[in-house]
Structures are given as structure tokens and as C-alpha cells.
1. Quick one: plug the Kirkwood hydrodynamic radius of the range 216-365 (C-alpha pairs) into Stokes-Einstein at 37 °C, 0.692 mPa s, and report D in µm²/s.
2. Hey, fewest Cβ within 10 Å first, where do LEU57, LEU39 land in order?
3. Report the extension gain between LYS512 and ILE217 in nm, rounded to one decimal, defined as 0.36 nm multiplied by the number of residues separating them, less their alpha carbon distance.
4. With unit charges on the beta carbons (Lys and Arg positive, Asp and Glu negative) and the dipole taken about the Cα centre of the chain, which residue among SER589, PHE175, THR48 sits farthest to the positive side?
5. Using per-residue counts of other Cβ atoms within 10 Å, averaged over each peptide, order 146-155, 43-52 from highest down.
6. Quick one: grab the alpha carbon gyration tensor of the range 91-247, order the square roots of its eigenvalues as a ≥ b ≥ c, and give me rounded if a/c is under 1.5, else prolate or oblate depending on whether a/b is larger than b/c.
7. Where does each of ARG493, ARG95 land when they are ranked from fewest to most other beta-carbon atoms within 10 angstrom?
8. Which of rounded, prolate, oblate describes the chain, given a ≥ b ≥ c as roots of the alpha-carbon gyration tensor eigenvalues and a/c under 1.5 marking rounded, otherwise prolate only if a/b is larger than b/c?
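Every number here is computed from the coordinates shown, using simple stated rules; none is lab data. Treat the numbers as computed from the prediction; the structure is a model and nothing was measured. We place every Cβ from the backbone using ideal geometry, glycine too, and count neighbours over all the protein chains shown.
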Amino acid sequence: MDQKTYYITTPIYYPSSNLHIGHTYCTVAADAMARFKRLTGYDVMFLTGTDEHGQKLQRVAQENHMSPKEYVDKIVGGIEELWKTMEISYDDFIRTTQERHMKRVQQLFMKMYEKGDIYKGSYEGLYCTPCEAFWTETQAKDGLCPDCGRPVETMREEAYFFRMSKYQDKLLEMFENNPDFLVPESRKNEMVNFIKQGLEDLCISRSTFDWGIPVPIDEKHVIYVWLDALSNYITALGYPDEPEKFQRYWPADLHLVGKEIVRFHTLIWPAMLMSLELPLPKKVFGHGWILLEGGKMSKSRGNVVDPVVLIEKYGVDALKYFLLREYSFGQDGIFTNEALLNRINSDLANDLGNLVSRTVSMIEKYNGGLIPVPGEEGEFDASLKATALEAAEKIEPLMDRLNFSGALEEIWHIVRRTNKYIDETTPWILAKDPGGKARLDAVLYNLAEAIRIVSVLILPFMHNTAKQIWAQLGIREGEGTQWADVFSFGILRSGAKVEKGPALFPRLDIEKELADLMALQKGEEKDRKEEEKKQPSSEAEIQERISMEDFSKMRLQVGEILSCKKHPKADKLLISQLQIGEKQMQVVSGVADSFTPEEMQGKKVIVVTNLKPVKLRGELSEGMILFARDEDGSQKFVCSEAASGSPVK
Ligand code: MSP
């Protein structure tokens, strides 16, 4: 019979900077799932990759004085290295800058165009001229560019559109007929409500930058992010020109995605596939985010978020275990160093590590290091066996619901039950009684056998640990290490030689580790700052510099804030009345997150006084107050002691 297939994908990551621990979450989950499906007999295709086009990447590359290609090559190299360190078992890694992807995206574009689903129109959006970027209403909150904080303007440009609106009813039908298409359920309701409000056609090209796949019929345009990015799931399978792999694995069994990109995967992607007349993926799972106390993950918040540092200290299995056990996959969770260290100590060092080391030591001490022949059955045996076999039965349904923490909890039921079995049967007392040998043999055998079942069950999550356990229990790969073997108790080979190895997870001194991690974090920050200072002035940077003539066009003056109030229609904006020498002017600033009006009042600040006036949410702004942005993103005053009106040169 032909082997069942299983196609699983992660999102393709933006290589705008190195990935942090939050990014690794989805890939670790996908890896566990792929390994689980392989273990349970599937022919698995596990795809991951990088999403390398777009204006943001072009800009970041420029800021780093590199060409976009040089920049993405560097970061993608790091991402591939990270997955290698984390032993991610992907089958293919797609980069959207690869020829195979680019040519296929153009073919997809043409298919949709020829069908009449793509047309040329004009795109109107909020544009920031200095950043050359279009923003949506939500991004450009209060009419300010989210990157530079300057006002955006409404602009129109020619663009290609995909007729999303045409697929509105079919999408609703899809949600109705496939209750399991999107999980968790709450995300589904959100999507259905979104569709019911009416879908607009989707702009799929841009002509204001060129770092993208050219529109095949119009070289002035590049294909804009989502059409390019989402197509990766089928271009990697060879669609449309090499259909063999595609036919084998499509439709995908599971797209794993973060909650903020569920909409793209459950509205745009199915609509694109409908247009291409292709089957839809079977399931999209929108997982939660891993946050830091106080908000999003960032490198300067006192917790080590670089996965490589954590792996070097605690090992890849511990990190993978922590990520999948600590958090409920559908929901957000908070990452702290303490949570990581506590999990390692309690579940891995105390529960699992101790169980294995105690068992191996006792077999060495009481049976010459050989797995005994199971002897005399006794009290507690039935309960131990039942716990192990019942837990094993529960794993597959839990995994199919992406309940990784539930599956690990079930496995740890066995671990804890087995530890308790040691206390109940007291092998050290049995060992003192010459008549207790047959019972002692049974106890030691049952302990080793329960551990064998645990070792197979943890394979998808912590394959290194599983293999270390086999080495310690004298288990050869293939002998009781397959999935079918978790449903039988009593197949471990008697007579196998156990061998005590190093502790699977040495117990950590939490206080000391916390201090080490804190020091590492501080060291990293210091290195980063020094690195930034050292950056030589490259050719590109010199070319970017402005002339004195450019600079002198700007009039900077000291101004005193006479009064300040909140903008009546915009939460982020403050309106200040300034005295600049003889003149007064009104300035609107996007700093309400950092200062109260009272804190603004009375400050002597530096003001750009010759900007063209603009209206921000109906309020006139005649200049711009300069603020400094601190490392953590908060604004700080740039004050002057000079008299109001003094020129700043
Ligand atoms: N390139 C797009 C995806 C295109 S898929 C066709 C993208 N890239 S991303 O790099 O910004 O994000 C990739 C994934 O990382 C997303 O699923 C996102 O939710 C996830 N995460 C980023 N930070 C995260 C956490 N802190 N925690 C969990 N996942 C997070 O979006």
C-alpha cells in the first residue's frame, strides 16, 4: 500500500534581523509534529524558509550598507545555521529569492491574470515620502509614519489587483463546510466576521521600489509581498512546471502560522488557490505569541532571547521541551529566564533525569548491571502498566489537535507514576531480603520498561535525550523503539547491559544561572553598542551623507513650550503652543505615550521652524519638536539652556 503522506509548513521568516526565541516557537512545534508523523508511519514533507523581498528588507539592507541580496544572504545563512543547531528536521528550505520560486510565482501570476482575476487599477494609501513607504490606516496611527514618526500623506499609484471580492461567498462557504479548517475556533469567528464586512480586492504590486519579483507583463512593477510569500507552499513542491512532488503532497495537511498572519492564510491564500483551481490546505493553525513581561520580544528587556545562547547553556532538548510544555500552543505566553530554569529543574532534572539515573544505578547495584528477567508480580505493577499504556494511547489524538503541552503532560504522568513506583516498592528494602529477589527483579524490569516507553514517546520532542536513555538502558535502536512498541508493556530485552552515563539534565542552581544569564544579557548589549560605535564609514554611508547646503536649508531654533494639551481626536498626539523668540507657533507631536502635557510645559526644546505646515487629525502643526529616541523606544527631551528663538547651528 502507498504510504500516507503528511505535508506541514511553517511561515517563511523575514530575514530582516536574526531570529529570537519567539520565532523559533513555530518551527520547534512543526519539527515535533513532523517527527511525530514520521514516527507514526507517514511520508512527511516538512517545509520552512525565508520571505526575502519587499521594501522593508530593501531599506534595512541600505541601512546596513549592503545590497538587499548581500544582506538577506547573510541573515538567511544565520537562520539555516540556527535550524541546524536546533536540529530542525525540515525536508526543504525555500528562499523567495531562489530562481525556482521566482519563475513559478510569475507563472502563477500569469494564470490568475489570464483568468481575469488580476487587473490593473490604482492604489491609494498613506505615503511617507522620506521613507518611501505606503502604510495602512492602522499602521500610520494618527497620521504618522510608524518608522520615522513624520506625517504621512494620501498618495495614489498604479498597481495590479487580485479580485478577492469575487471569492467572498466561496470563502464563507469554505468556513461553513470545513469546521476544522482554521483552529483555534476563536480565530475562525474573527475571520468569518471579517469576510461578512465585505472583502476588497487586494493590491498585489508596487512600483515605488524594485526589490521583488517583476510582474511578468509590466517590468515597472514588482509583485507585492503576500502573493510572492504565500505561493512558497506550492512553488517548493514544483507547482506548476514540475508537478510530481506537488501531486504527492498537495494539499498541505497543516500550515502552522502565528496569530497575526492567520488572515492572510485563511482568506488570501484560499482565494488564490480558488483562482488557480487548486485544492485548499486541510488545516491552518494560528498559534499564540511568546511575549516578554511588558510586551513584545526585544533584545533589550533583561531576558536572554537569543536561542543559541540558551542552547549552549542548557541544550537543545531542554529548550524544545520548555517551549512546547510551558505554553498552550493556541495562546500567548510570557517568557522569563526563571520559567525556563524552573521547568528544566523540576521536569527534566528532578522527574526524568532522576528516574533514569536511579533506575540504572539500582540495576547496576542489585543485578550486576543487567536488565533482569521480570520476576514476581506484585502490588502497584498493574497501576504502573495501566498508566503507561493509557498515556501512550492519548498522545496521538492530542498531537492531532496540536496540543503539545497536553501530550508532554501525559508523558510526564508516566514519569511521575514511575518515580512513585520506586517509593512504593522500595527496591533497597527488597534487596536486603534474600527472599525478595524475584520481586526485586520485577520491580527493576518494570522501571526500565516504563522508561523505555517514555523514551519512545519523547522522540518527537527530545530525540537526543531518548537516545541517551537507550544508551544507558542498553537498548538498541529498532528494538522496542518504534511507535507500535509503546502499546506493549514487557518487550524490553532482559539481559541487556545498562551503563550509567552523565546526568541527562544536571540540576541547576537557579540563583547562579539567573545571575549568569543577566550578565550575559548585559555583555551582549555592551558588545552590540561597541560594535555599532566601531562601524566604519563605508562608501555607501558616505554617499548617503548630505551636504552643508542641504543642512543649512533646515531652520532649527530653541523654543519654549508655553502650554500643551492632548489632541482631542488622537491618543498619541500632543498639541503644544511654543514661543520662538518673538513668534508663537503650534506644533503637534506624536509623544503622548512618553509624556504628559504637564511634563511638556515649560521645557525649552529644539524645533524645526521652517517645515511646511500640515494638519494632523484636523489640528495645524507648523513645525517639529526634536526628541531623542532611547534604546527601549521611549522618547526623551532634547533641551537647551539658550534663550527662546536662539538658532541651533
Ligand atoms: N514573512 C511573513 C510570513 C509569510 S508566510 C507565507 C512573516 N514573517 S515574520 O518573520 O515576521 O514572522 C514569522 C512568524 O514568526 C509569524 O508566524 C509570527 O507570528 C512568528 N513570530 C514572531 N514573533 C513571535 C513571537 N514572539 N512568538 C511567537 N511567534 C512569533 O510574518
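1. Once the numbers are plugged in, D ends up at 170 µm²/s.
2. LEU39, LEU57
3. Stretched fully, the LYS512-ILE217 segment lengthens by 100.0 nm.
4. It is SER589.
5. Taking the mean over residues of other Cβ atoms within 10 Å, the ranking is 43-52, 146-155.
6. Values: a/c = 1.72, a/b = 1.17, b/c = 1.48.
Because a/c hits 1.5 or more and a/b fails to exceed b/c, the range 91-247 counts as oblate.
7. Ordered by Cβ neighbours within 10 Å, fewest first: ARG493, ARG95.
8. Details: a/c = 2.64, a/b = 1.69, b/c = 1.57.
Prolate.
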